[in-house]
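Structure first, commentary second.
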Amino acid sequence: MKKFLRVAGAIVAVLFSLYLGSFLLSFGNGHPETGLSFSELYAKEGLGLDWKAAYESIVNDLNPQNLLLMAYWQYLEPREGSYDFSDLDWEMNLAEAKGKNVILAVGERVPRWPECHIPNWAPAPGSNGYDQALLSYLTHVIEHYKSYSAIKAWQIENEPYLGVFGNCPPFSQNLFNEEIALVHKLDPTRPVLTTDSGELGWWFAPASHVNVFGTTLYRVVSAPTIGAFHYFFIPPAFYALKAALVKELTGVSNVFISELQAEPWSLNGAPLAYESMNAQTSDFSTTTLRDNFQFAEQTGLSPIYLWGSEWWYWRKIHGDPSFWNVGKELLSQ
């Protein structure tokens, strides 16, 4: 009984500290920098959009200063040794012309389901041939895009340590180390970053290999067995304290929010377009979007990249501009 009381007391003390920290963090943070992500793959294949029209509208109307763009391996190297940069060039050229700051995510695992985007021709993961193919792909991408002044950082892999999510081969620490070293060698001037789950990751391992670290931040997720699950018990200080510890122990220059939930959670990555308009917003309203942003502000982390602009555009062209309008308002702050 005494042991139980000690454990319970420790848990209460930790929770109290977190919530006290959240209360203190809610004052005087000012407005963080903002940005958003854009995925050609999700816009085109997931939502059935004219992805170029969506991207132009996002860049010109929402007008984010910061963009997170994706270099999908299966798009850029559809056949071994044969590269097609035309679509990503078009994205980058518009960003550069509009004076945007770009993080380019590259690797086998970059944002959007199924997380890993490996071309069909690639050798078996885990083999030496696969490792060399991935490193060759990285070399071509970095060499091709490092002349763009819009690129401010390279993101190498996305949540690489999160083995419980995505259709991906087993994580290889040695290969990840080689990727980081290669990018530093090819472009010594720009910072290299990676990311981890805000709720499920410890952050220390991925952060120890990079200059800058990004965390995801989700408030409502779904699973087949439990349905909607709310992280109501995690306060903003949870992220702030982890960030402070990571910066102190790993030496990263900044911890930011690379993926703030600004769209509903899609079960197993199924595109939201397959659900009815009402079903899409059953657990995620414009109030939820505002609340998530306010929560992210209270963490003190900056910049904050909102996740879901492709879906806002889909809703807008299907008669509901409410999320688009709220997103525009939040970005303008």
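In segment 214-330, which strands (runs of 3 or more DSSP E) lie fully inside it and hold 1 or more residues that are within 22 Å of Arg112 (Cβ to Cβ), touching a residue at least 60 places away in the same chain (Cβ under 8 Å) and among the polar types (S, T, N, Q)?
It comes to 220-223, 254-261.
State whether the residues of segment 149-164 include one that is in a helix (DSSP H, G or I) and in contact (Cβ under 8 Å) with a residue 12 or more places away in the chain.
The answer is no, given that none of the residues of segment 149-164 is in a helix (DSSP H, G or I) and in contact (Cβ under 8 Å) with a residue 12 or more places away in the chain.
Does Gly99 satisfy the criteria of being outside any helix (DSSP H, G or I), surrounded by fewer than 19 Cβ atoms within 10 Å (Cβ to Cβ) and at pLDDT 95 or above?
It is true that Gly99 is outside any helix (DSSP H, G or I), surrounded by fewer than 19 Cβ atoms within 10 Å (Cβ to Cβ) and at pLDDT 95 or above.
What residue, among those in segment 65-88 that are over 21 Å from the mean Cα position of the chain (by Cα) and among the acidic types (Asp, Glu), is surrounded by the most Cβ atoms within 10 Å (Cβ to Cβ)?
That would be Glu77.
Using the structure shown, decide if Asp131 is of a type outside the set (A, V, I, L, M, F, W, C), surrounded by fewer than 20 Cβ atoms within 10 Å (Cβ to Cβ), under 27 Å from Lys185 (Cα atoms) and touching a Leu at 6+ places or on another chain (Cβ under 6 Å).
Spelling it out, Asp131 is indeed of a type outside the set (A, V, I, L, M, F, W, C), surrounded by fewer than 20 Cβ atoms within 10 Å (Cβ to Cβ), under 27 Å from Lys185 (Cα atoms) and touching a Leu at 6+ places or on another chain (Cβ under 6 Å).
Quick check on Leu186: is it surrounded by fewer than 18 Cβ atoms within 10 Å (Cβ to Cβ), among the aliphatic types (A, V, I, L, M) and more than 20 Å from Glu259 (Cβ to Cβ)?
It is true that Leu186 is surrounded by fewer than 18 Cβ atoms within 10 Å (Cβ to Cβ), among the aliphatic types (A, V, I, L, M) and more than 20 Å from Glu259 (Cβ to Cβ).
Can Tyr218 be described as surrounded by 14 or more Cβ atoms within 10 Å (Cβ to Cβ), of a type outside the set (D, E, K, R) and out of contact with any Pro (no Cβ under 7 Å at 6 or more places or on another chain)?
yes
Listed residues Tyr72, Tyr145, Tyr83; which is at pLDDT 95 or above, over 21 Å from Leu260 (Cβ atoms), in contact with a strand residue (DSSP E or B) (Cβ under 8 Å, 6 or more places away or on another chain) and not hydrophobic (A, V, I, L, M, F, W, C)?
It is Tyr145.
The values are calculated or read from the model by the stated rules, or taken from the named source; none is laboratory data. If you're wondering where the values come from, they're calculated on a predicted model, not measured in any experiment. Positions of Cβ are generated from backbone atoms using ideal geometry, with glycine treated the same way; all protein chains shown enter the neighbour counts.
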